[in-house]
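J.: Pasting in a structure now, in structure tokens, and then I'll have a few things to ask.
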Amino acid sequence: MSQLRLPLLPLLLIFLASSARSAPPHIVLIVADDLGWTDLACFGSRYYRTPNLDRLARSGMRFTATYTCGPNCAPTRACLMSGQYSPRHGIYTVGSGARGQAAARKLVPAANKTILDTKIVTLAETLGTAGYATAHFGKWHLGPPPTAGPRQQGFDINFGGNRTGSPRGGYFSPYRNPQLEDGPKDEHLTDRLSAEAADVIRRHVRKTPDKPLFIYLPFYAVHTPIQAKPKLAAEYARRPTAAGHDNPKYAAMVETMDSGVGRVLAALDEMKITDQTLVIFTSDNGGLGGYSSADKELPNGITDNAPLKGGKGMLYEGGIRVPMIVRWPGHTRAASTTTTPLITVDFLPTLAEISGAALPPGQIRDGISFVKLLNGKNLPERPLFWHFPGYLQAYGRRGAWRTTPASAVRLGDWKLIEFFEDGRLELYHTGRDIGETKNLAGSEPAVTRRLHALLTDWRTRVKAQMPTGKDDDAS
Ligand SMILES: [Ca+2]
């Protein structure tokens with residue numbers, strides 16, 4: 001009986017809260033770059049300090065199975081902005097799929113685009129149709145201004161966003177960034193971007209308090225170059241490290257990023273709009289590290305995603321599973337956690353529903369809205385897909401790969417990866433074996449066949465471009 005009675009009160013409160021909703025909330029979407037699944041204290045790090053994000057998690061909902069569409073930067077951002085999987089927009093990787101040593105590539109990678117077609121109706125344009133003011137701060141990586149930058153893709157203002165995937169002038173001013181005026185010497189880029197975002201929040205609320213605001217803050221941090229504030233890094237150098245988390249400069253970068261989040265959250269408090277603001281924090285791919293868990297000969301990297309296998313650039317969990325925190329007052333329950341899998345393409349339909357925006361007419365969308373999950377209900381089970389028809393080289397050893405061309409599917413707890421060079425299938429049960437240590441493709445033939453059929457059907461449906469065999473004469 002008690003099991004039946006207990007949920008009634010929360011359900012009633014949720015119902016009252018959602019039926020009382022009038023104006024759409026402000027939306028703050030913060031995306032860290034290359035931040036791994038265990039890189040926040042509230043996601044397991046015992047070395048990096050992230051008090052602001054830990055506090056956000058205590059007042060909101062933690063998502064332990066959020067996936068990025070890409071194992072690296074640009075594809076995830078393209079999927080976030082378009083609500084579409086990579087085969088729809090053609091951005092599968094950063095730059096070219098023909099990375100690494102040519103002679104070691106057994107296949108010819110599929111063509112890759114580096115610019116998001118401006119005909120695609122983006123997340124920013126979608127929120128704009130619902131009356132949102134839209135502002136971009138940080139790394140865009142989907143094309144150059146003035147033809148395909150943030151301003152051409154639906155953002156009213158842009159601080160620092162252009163085609164580059166890492167800060168050209170490093171993390172300290174002068175930035176060598178045409179979309180960002182230099183600050184005082186030694187100003188830190190992460191501090192600057194969060195200060196600009198906080199400023200825009202303050203000015204917006206003072207001038208147009210009734211207009212909803214969309215803040216998109218894709219930090220350049222904690223992507224390479226690994227450059228930290230010297231004092232903070234020196235402090236970390238004196239602290240006890242933890243397994244895999246032992247780089248003081250990287251730790252300092254993570255903490256500075258967390259402080260930037262704190263600065264933005266403080267602006268919401270200061271302007272008294274915290275209760276009317278949806279905050280989402282996540283990352284664009286897994287942490288740069290953990291490679292020795294996937295291939296003993298690869299150097300380990302800068303951080304570690306253990307217990308996940310591998311890291312950035314791989315379709316193993318370490319490359320695509322990222323931390324996520326959502327706080328939506330009146331909806332998300334404080335200090336709650338969900339293990340329901342989500343993926344980047346879910347953001348556009350979710351934020352469209354929350355904002356009251358119509359989905360782009362005639363534009364295919366691949367994700368689903370997870371508003372139900374924020375309100376404490378379940379989502380239907382559905383397959384999630386990845387397609388990476390190119391190569392990513394490993395650092396430190398010539399001819400070694402982080403990934404060769406591959407696709408993957410997750411359904412329930414099962415995950416299948418197909419490697420195209422040799423047709424190899426790897427099947428893992430991510431519930432019992434989150435570290436993907438036991439390939440069950442041989443012992444679970446029925447599951448393997450089912451997932452492989454789902455994956456091949458999906459590739460046909462979305463017209464996924466495939467790598468091709470090398471010409472016999474050329475090989
Ligand atoms: Ca990234």
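The values are calculated or read from the model by the stated rules, or taken from the named source; none is laboratory data. Please read all numbers here as calculations on a predicted model, not as lab measurements. All Cβ positions, even for glycine, are placed from backbone atoms using ideal geometry, and neighbour counts span all protein chains on display. Accessible surface areas use protein heavy atoms only, side chains included; no ligands, DNA or RNA. Shrake-Rupley method; radii C 1.70, N 1.55, O 1.52, S 1.80 Å.
J.: Evaluate region 436-452: report whether one residue or more is closer than 27 Å to Ile91 by Cβ and open to solvent by 20 Å² or more (accessible area, probe 1.4 Å).
T.: Going residue by residue through region 436-452, those that are closer than 27 Å to Ile91 by Cβ are 436, 451-452.
Of the ones still in play, those that are also open to solvent by 20 Å² or more (accessible area, probe 1.4 Å) are 452.
The answer is yes, given that some residue of region 436-452 is closer than 27 Å to Ile91 by Cβ and open to solvent by 20 Å² or more (accessible area, probe 1.4 Å).
J.: When only residues in region 278-307 that are more than 16 Å from the ligand (Cβ to nearest atom) and among the hydrophobic types (A, V, I, L, M, F, W, C) count, which is most open to solvent (accessible area, probe 1.4 Å)?
T.: Start the filter on region 278-307 by keeping residues that are more than 16 Å from the ligand (Cβ to nearest atom), which leaves 278-280, 292-300, 304, 306-307.
Retained after the next criterion (residues that are among the hydrophobic types (A, V, I, L, M, F, W, C)): 278-280, 294, 298, 306.
Working: Leu278: 0, Val279: 0, Ile280: 3, Ala294: 38, Leu298: 9, Ala306: 57 Å².
The extreme case among them is Ala306.
J.: Would you point out the residue of region 59-115, among those that are away from the ligand (no atom under 16 Å from the Cβ) and in contact with a His (Cβ under 8 Å, 6 or more places away or on another chain), that is most open to solvent (accessible area, probe 1.4 Å)?
T.: Lys113
J.: Please identify the pairs in which a residue from region 331-353 that is within 27 Å of Gln363 (Cβ to Cβ) has its Cβ atom under 6 Å from the Cβ atom of a residue that is open to solvent by 10 Å² or more (accessible area, probe 1.4 Å) and of a type in the set (Asp, Glu), counting only partners at least 6 apart or on another chain.
T.: From residues that are within 27 Å of Gln363 (Cβ to Cβ), the pairs are Val345/Asp366.
J.: Moving to a separate point now. Would a scan of region 424-434 turn up a residue that is assigned to a loop (DSSP other than H, G, I, E, B) and under 20 Å from the mean Cα position of the chain (by Cα)? Step through it out loud before you land on a result.
T.: Step one: of region 424-434, the residues assigned to a loop (DSSP other than H, G, I, E, B) are 430-434.
From what's left, under 20 Å from the mean Cα position of the chain (by Cα): 430, 434.
Taking every residue of region 424-434 in turn, at least one turns out to be assigned to a loop (DSSP other than H, G, I, E, B) and under 20 Å from the mean Cα position of the chain (by Cα).
J.: Looking at region 40-65, which of its residues are out of contact with any helix residue (DSSP H, G or I) (no Cβ under 6 Å at 6 or more places or on another chain) and within 25 Å of Ala267 (Cβ to Cβ)?
T.: Answer for region 40-65, where residues must be out of contact with any helix residue (DSSP H, G or I) (no Cβ under 6 Å at 6 or more places or on another chain) and within 25 Å of Ala267 (Cβ to Cβ): Phe43, Pro51, Arg55, Leu56, Arg58, Ser59, Gly60, Met61, Arg62, Phe63.
J.: Restricting attention to region 138-162, report how many residues are more than 17 Å from Ile120 (Cα to Cα) and within 16 Å of the ligand (Cβ to nearest atom).
T.: Of the residues in region 138-162, 5 are more than 17 Å from Ile120 (Cα to Cα) and within 16 Å of the ligand (Cβ to nearest atom).
J.: Can you work out which of the residues in region 168-209 that are touching a residue at least 40 places away in the same chain (Cβ under 8 Å) and among the aromatic types (Phe, Trp, Tyr) is most open to solvent (accessible area, probe 1.4 Å)?
T.: Among those that are touching a residue at least 40 places away in the same chain (Cβ under 8 Å) and among the aromatic types (Phe, Trp, Tyr), it is Phe172.
J.: Another question about this same structure. Quick one: would you say Thr224 is open to solvent by 20 Å² or more (accessible area, probe 1.4 Å), of a type in the set (S, T, N, Q) and within 30 Å of Arg46 (Cβ to Cβ)? Spell out how you get there, then give the answer.
T.: Numbers: open to solvent by 20 Å² or more (accessible area, probe 1.4 Å): yes; of a type in the set (S, T, N, Q): yes; within 30 Å of Arg46 (Cβ to Cβ): yes.
So Thr224 passes the test.
J.: Next question. In the list Lys372, Lys377, which residue meets the criterion of being assigned to a loop (DSSP other than H, G, I, E, B), of a type outside the set (Asp, Glu) and open to solvent by 20 Å² or more (accessible area, probe 1.4 Å)?
T.: Numbers: Lys372 fails: assigned to a loop (DSSP other than H, G, I, E, B).
Residue meeting the stated conditions: Lys377.
J.: Here's a follow-up. Does Asp366 satisfy the condition of being over 20 Å from the mean Cα position of the chain (by Cα) and closer than 25 Å to Gln465 by Cα? Explain how you work it out, then say what you get.
T.: Numbers: over 20 Å from the mean Cα position of the chain (by Cα): no; closer than 25 Å to Gln465 by Cα: yes.
When the stated conditions are applied, Asp366 does not pass them.
J.: Residue by residue through region 227-239, note down the ones that are open to solvent by 20 Å² or more (accessible area, probe 1.4 Å) and in contact (Cβ under 8 Å) with a residue 60 or more places away in the chain. Before the answer, list the steps.
T.: Step one: of region 227-239, the residues open to solvent by 20 Å² or more (accessible area, probe 1.4 Å) are 227, 229-232, 234-235, 237-239.
Listed by number, the list holds a single entry, Arg239.
J.: Let me ask you something else. I need every pair where a residue in region 64-90 that is among the β-branched types (Val, Ile, Thr) has its Cβ under 7 Å from the Cβ of a residue that is part of a helix (DSSP H, G or I), sequence separation at least 6 or different chains.
T.: Hits for this filter: Thr68/Thr76; Thr68/Ile320; Thr68/Thr344; Thr76/Thr344.
J.: Take region 405-423 and flag every residue that is part of a loop (DSSP other than H, G, I, E, B) and buried (at least 19 other Cβ atoms within 10 Å of the Cβ).
T.: Quick first cut of region 405-423, residues part of a loop (DSSP other than H, G, I, E, B) only: 405, 412-413, 420-423.
Within region 405-423, Pro405, Phe420 qualify.
J.: From the residues in region 202-246 that are over 25 Å from Thr126 (Cβ atoms) and among the hydroxyl-bearing types (Ser, Thr, Tyr), which one is nearest to the chain's Cα centre (by Cα)?
T.: Among those that are over 25 Å from Thr126 (Cβ atoms) and among the hydroxyl-bearing types (Ser, Thr, Tyr), it is Thr224.
J.: Restricting attention to region 385-404, does a residue exist that is under 24 Å from Thr339 (Cα atoms) and open to solvent by 40 Å² or more (accessible area, probe 1.4 Å)? Show your work before the answer.
T.: In the first step, residues of region 385-404 are kept if they are under 24 Å from Thr339 (Cα atoms); the result is 385-387.
Adding the requirement that they be open to solvent by 40 Å² or more (accessible area, probe 1.4 Å) leaves none.
Scanning region 385-404 turns up no residue that is under 24 Å from Thr339 (Cα atoms) and open to solvent by 40 Å² or more (accessible area, probe 1.4 Å).
J.: With (1) touching a helix residue (DSSP H, G or I) at 6+ places or on another chain (Cβ under 7 Å); (2) surrounded by fewer than 22 Cβ atoms within 10 Å (Cβ to Cβ) as the list, and Val28 as the residue in question, which single condition is left unmet?
T.: Val28 satisfies all of (1) touching a helix residue (DSSP H, G or I) at 6+ places or on another chain (Cβ under 7 Å); (2) surrounded by fewer than 22 Cβ atoms within 10 Å (Cβ to Cβ) except (2).
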